[in-house]
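As structure tokens, the structure follows; a few thoughts come after it.
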Amino acid sequence: MNDSQNDESLVSEDGGIGASRRPTIGFIGLGNMGIGMTRNLQRAGFDLVVNDVRRETAAELVAAGARWASSPAEVAASATIVITMLPTPRIVRDVVFGADGILEGIPDGGTWIDMSTSVPEVAEEVRSRFPERNLNIVDAPVSGMSVGAANGTLQIFVGATTGQYQNILPVLSAMGDPERILHVGAAGAGYAVKLMINQLWFSHVIATAEVLAIGTAAGVNLDVLRRSLIASPANSNFLEHDVLSILNDGDYDEGFAIKLACKDLGLSIDLARSVGMPSELSALVEQIFVRAKRGYGDLAGEMTPFKLYEDLLGTELRLTSETLSGVAR
């Protein structure tokens with residue numbers, strides 16, 4: 001799809017969304033991420049048409065003026081732009097191709113933005129099977145967890161033509177940090193970038209847990225060890241910031257279930273396989289996450305693999321008054 005196939009521009013000459021062309025946003029998927037994203041779209045003044053498998057999730061949005069749609073097809077028929085935020089590629093496929101799916105309602109030349117952490121197969125199938133419909137299909141997965149979704153500070157990685165990216169940027173800016181909404185390439189690039197970000201972040205979880213557990217077992221004060229690592233070339237954003245949710249509060253981030261982390265890791269490895277690249281380390285990280293999921297349950301937090309190392313150590317890794325004073329335990 002090239003720029004000449006874009007839908008009529010939604011953007012006014014001054015770069016904003018013109019009042020006469022202000023799009024109605026159809027949003028499918030009101031889970032931990034989608035509910036925050038839709039609230040921010042509503043706050044930004046967009047009209048919303050929403051759908052989810054659980055109608056009760058839309059109650060607050062409907063009370064504030066959104067319209068409930070009974071199916072993805074009705075969402076697509078009622079909206080200028082359709083956004084999906086769904087947990088797995090299989091569900092994305094069902095919502096697009098199923099009975100009363102998006103393809104049943106979206107007009108020719110319409111726009112579908114998939115913000116799920118997914119793979120490009122579904123979008124590619126739509127393009128290959130229905131080229132005459134000239135649909136604008138954009139992948140725009142996000143980072144920032146449910147907190148970023150609620151606060152409107154998500155990072156968004158957009159795979160699209162330049163024209164498509166410019167047309168939807170005002171909509172994305174209502175959900176994400178404008179400085180971190182990145183046009184990362186053509187269709188499919190957004191999916192790939194998000195999977196690689198997740199893969200590296202999950203690898204940091206395992207590497208950090210292992211290093212802190214070993215160092216502590218060797219008698220090094222936890223705070224001293226962490227500060228030493230931060231001061232070294234081995235520092236990472238995870239070590240400096242993200243791990244504090246565990247070390248300070250014992251919070252393994254239940255806002256994102258480990259079953260979804262395992263799904264993302266599997267997709268990352270599938271991507272490596274599809275492009276013929278080895279992924280030995282990624283496969284090992286996936287297996288450690290699967291072990292943690294098996295031991296602690298599907299709904300345990302995404303950083304629960306950290307507990308595997310704490311269990312082996314025989315104590316929780318926490319920054320207490322003793323560790324912060326430099327007194328070895």
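Details
- Selected residue (criterion: surrounded by the most Cβ atoms within 10 Å (Cβ to Cβ)) from residues of segment 21-48 that are under 20 Å from the mean Cα position of the chain (by Cα) and of a type in the set (G, A, S): G26
- For segment 279-289, residues that are surrounded by fewer than 21 Cβ atoms within 10 Å (Cβ to Cβ) and within 22 Å of E316 (Cβ to Cβ) total 1.
- Filter pass, I113 being assigned to a strand (DSSP E or B), under 14 Å from the mean Cα position of the chain (by Cα) and under 19 Å from V193 (Cα atoms): yes
- Residue satisfying all of: in segment 149-172; assigned to a helix (DSSP H, G or I) and either free of Cβ contacts under 8 Å to residues at least 60 places away in the same chain or among the basic types (K, R) (or both); nearest to T111 (Cα to Cα) among these: Y165
- Identity of the residue in segment 94-104, surrounded by fewer than 17 Cβ atoms within 10 Å (Cβ to Cβ) and outside any loop (DSSP other than H, G, I, E, B), that ends up farthest from the chain's Cα centre (by Cα): E104
- Of everything in segment 143-169 that is among the β-branched types (V, I, T) and more than 17 Å from the chain's Cα centre (by Cα), the residue that is surrounded by the most Cβ atoms within 10 Å (Cβ to Cβ) is I168.
- When A59, A123, A66, A44 are checked against the criterion of being over 23 Å from L169 (Cβ atoms) and among the aliphatic types (A, V, I, L, M), a single residue qualifies: A59.
- Selection count where residues are at pLDDT 95 or above and farther than 30 Å from G188 by Cβ, scope segment 242-274: 10
- Residues within segment 50-73 that are in a loop (DSSP other than H, G, I, E, B) and farther than 15 Å from D100 by Cα, tallied: 4
- Of the set (1) in the same structural domain as G29 (by TED's automatic domain parsing); (2) surrounded by 19 or more Cβ atoms within 10 Å (Cβ to Cβ), all apply to N198 but (1).
- A76 buried (at least 21 other Cβ atoms within 10 Å of the Cβ), in contact with a Pro (Cβ under 9 Å, 6 or more places away or on another chain) and not in a loop (DSSP other than H, G, I, E, B): yes
- Filtered by the rule that a residue be surrounded by fewer than 14 Cβ atoms within 10 Å (Cβ to Cβ), modelled with pLDDT of 95 or more and of a type in the set (S, T, Y), segment 290-329 gives a lone residue, T315.
- Residue within segment 129-142 that is among the small types (G, A, S) and surrounded by fewer than 24 Cβ atoms within 10 Å (Cβ to Cβ) present: no
- Considering (1) assigned to a loop (DSSP other than H, G, I, E, B); (2) touching a Ser or Thr at 6+ places or on another chain (Cβ under 9 Å); (3) not aliphatic (A, V, I, L, M), the lone condition that P107 does not fulfil carries the number (2).
- With respect to being surrounded by 12 or more Cβ atoms within 10 Å (Cβ to Cβ) and touching a helix residue (DSSP H, G or I) at 6+ places or on another chain (Cβ under 6 Å), A272 falls outside the description.
The values are calculated or read from the model by the stated rules, or taken from the named source; none is laboratory data. All figures in this text were calculated on a predicted structure; none of them were measured in a lab. Please note: Cβ atoms are built from the backbone with ideal geometry, for glycine as well, and neighbour counts cover all protein chains shown.
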